[in-house]
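Everything on this sheet refers to the single structure shown next.
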Amino acid sequence: MSLDQMRWRSILIRPELSIMEAIQVIDKGVLRLAMVTDAQNRLQGVVTDGDVRRALLKRMDLREPVLTIMNPVPIFARMTDSRERILSMMHARKIEHIPLVDETGHVVGLETMHNLSVPTPRDNWVTLMAGGLGSRLSPLTDMIPKPLLRVGSKPILEVILESFLAYGFRRFFLSVNYRKEMIKEYFGNGSAWGVEIEYLEENGRLGTAGSLSLFKERPEQPFFVMNGDLLTRINFQHVLDFHLEHQSCATLCVRKVEQTVPYGVVRLDAHRLVNIEEKPVQEYFVNAGIYLLDPSVLSLIPKGQYYDMPTLFQSIIRQGETTAAFPFLDYWMDIGRMGDFRQACQDYPEVFAA
């Protein structure tokens with residue numbers, strides 16, 4: 001968690017707090033603002049040192065509640081907003097800070113222009129699963145592993161690597177099997193990207209979690225696991241903050257999907273017709289293939305055996321440990337079939353190369 005993210009709790013104040021007390025909170029911090037929340041931590045407003053200066057110039061009574069000078073309609077971002085969207089909002093409105101809220105309006109963090117523009121180096125590991133056969137993309141994958149297929153000017157796996165780089169992650173593990181020498185030759189030790197890359201070499205198919213048993217050492221912090229055939233603009237920092245905020249043992253990123261049923265759906269109560277809904281839209285969440293795990297879960301993974309991520313999560317749940325789902329709406333493409341690959345190639349210039 002970034003320094004600014006650790007400090008945001010210290011600048012939460014209640015609307016009934018006096019202007020003088022708000023000034024003291026602002027002066028103690030380095031962010032030059034306070035976030036005003038109700039008793040449930042729902043965002044009510046923002047007060048900055050500029051608001052305080054204007055109050056002083058108006059010779060307002062500093063015993064008045066801070067709600068009299070706060071901005072009651074502050075600009076805020078959702079935790080599911082992409083880094084690019086938040087930066088765009090901040091540039092457009094010429095602001096240096098922006099509160100983060102969840103879907104119910106509760107404050108869950110604070111983003112700063114500095115934090116977004118210059119990512120803080122992070123010690124959290126990132127494991128990318130790049131060992132699959134990619135048989136559904138044959139003949140493209142007959143001679144080259146799917147993670148090295150190019151979208152735009154770069155291999156899929158390089159786009160993923162650079163997405164994590166943008167958030168300050170520097171230590172990577174690539175789980176490899178099929179045509180692994182090609183992947184190892186392309187990425188090497190990671191020095192070309194200024195990162196450290198190690199390889200988890202599978203001798204057989206170990207699944208999306210089984211290769212984690214090949215770690216030579218145990219990570220000290222929560223670590224990411226992501227399928228090596230995904231393109232996404234998810235905010236990895238927000239996932240990490242969400243995981244820590246909820247004290248989760250394992251966090252699963254989920255993507256909201258809408259699907260139109262191409263028929264009139266009939267609702268029945270026994271034999272009685274209740275309703276006919278023409279081509280309803282169903283909403284549900286799907287596993288996005290992005291995970292954040294605490295080191296403790298590694299003890300649940302058998303060594304050298306096939307073990308997939310859903311099985312790991314089920315095991316964690318059975319043990320009564322805390323799990324969480326992080327919903328997001330950012331760009332996401334699972335390149336499983338030829339149509340997905342073509343779409344990703346079409347999307348790349350607008351989504352990643354801009």
Which numbered condition trips up residue 263, out of (1) crowded, with 22+ Cβ neighbours inside 10 Å; (2) farther than 30 Å from residue 111 by Cβ; (3) of a type in the set (Phe, Trp, Tyr)? (1)
Condition check: β-branched (Val, Ile, Thr), closer than 22 Å to residue 255 by Cβ and within 15 Å of the chain's Cα centre (by Cα). Does residue 108 satisfy that? yes
Residue list for region 230-248, restricted to those being within 15 Å of residue 102 (Cα to Cα) and modelled with pLDDT of 90 or more: 239, 240, 243, 244
Residues in region 318-326: is at least one under 20 Å from the mean Cα position of the chain (by Cα), of a type in the set (A, V, I, L, M), surrounded by 14 or more Cβ atoms within 10 Å (Cβ to Cβ) and closer than 15 Å to residue 251 by Cα? yes
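Condition first: hydroxyl-bearing (Ser, Thr, Tyr) and in contact with a helix residue (DSSP H, G or I) (Cβ under 6 Å, 6 or more places away or on another chain). Now tell me which residues in region 96-124 satisfy that. If you could, list the steps in order and put the result at the bottom.
Restricting attention to region 96-124, the residues satisfying the condition of being hydroxyl-bearing (Ser, Thr, Tyr) are 104, 112, 117, 120.
112 - this is the single residue of region 96-124 that is hydroxyl-bearing (Ser, Thr, Tyr) and in contact with a helix residue (DSSP H, G or I) (Cβ under 6 Å, 6 or more places away or on another chain).
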Qualifying residue in region 57-68 (condition: of a type in the set (A, V, I, L, M), farther than 18 Å from residue 236 by Cα and modelled with pLDDT of 90 or more): yes
Using beta carbons and a limit of 8 Å, which pairs, at least six apart or on different chains, have the first residue in region 104-122 and more than 25 Å from residue 327 (Cβ to Cβ) and the second one in a strand (DSSP E or B)? 113/97; 121/170
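Against the condition under 27 Å from the mean Cα position of the chain (by Cα), at pLDDT below 85 and either over 24 Å from residue 168 (Cα atoms) or of a type outside the set (Gly, Ala, Ser) (or both), how does residue 5 come out, does it pass?
Numbers: under 27 Å from the mean Cα position of the chain (by Cα): yes; at pLDDT below 85: yes; either over 24 Å from residue 168 (Cα atoms) or of a type outside the set (Gly, Ala, Ser) (or both): yes.
Judged against the criteria, residue 5 is a match.
I'd like the residue in region 332-346 that is crowded, with 16+ Cβ neighbours inside 10 Å and touching a residue at least 40 places away in the same chain (Cβ under 8 Å) and, out of all such residues, is farthest from residue 255 (Cα to Cα).
Of all residues in region 332-346, those crowded, with 16+ Cβ neighbours inside 10 Å come to 332-336, 340-341, 344.
Remaining after also requiring touching a residue at least 40 places away in the same chain (Cβ under 8 Å): 332-336, 341, 344.
Values: 332: 8, 333: 10, 334: 11, 335: 15, 336: 16, 341: 19, 344: 17 Å.
By that ranking, first place goes to 341.
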Residue in region 56-85 that is surrounded by the most Cβ atoms within 10 Å (Cβ to Cβ), counting only those that are over 15 Å from residue 110 (Cα atoms) and touching a helix residue (DSSP H, G or I) at 6+ places or on another chain (Cβ under 6 Å): 66
Failed criterion for residue 304 (all others in (1) at pLDDT 90 or above; (2) out of contact with any Phe, Trp or Tyr (no Cβ under 8 Å at 6 or more places or on another chain); (3) not aliphatic (A, V, I, L, M) hold): (1)
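When you scan region 41-141 for strands (runs of 3 or more DSSP E) that lie fully inside it, which ones turn up with 2 or more residues that are assigned by TED's automatic domain parsing to the domain that holds residue 176? Steps first, answer last, please.
Numbers: elements: 43-48, 97-101, 107-112, 122-129.
Correct list: 122-129.
The values are calculated or read from the model by the stated rules, or taken from the named source; none is laboratory data. Since the model is a prediction, treat every value here as computed from it, not as a measurement. Here Cβ is always computed from backbone atoms with ideal geometry, including for glycine, and neighbour counts include all displayed protein chains.
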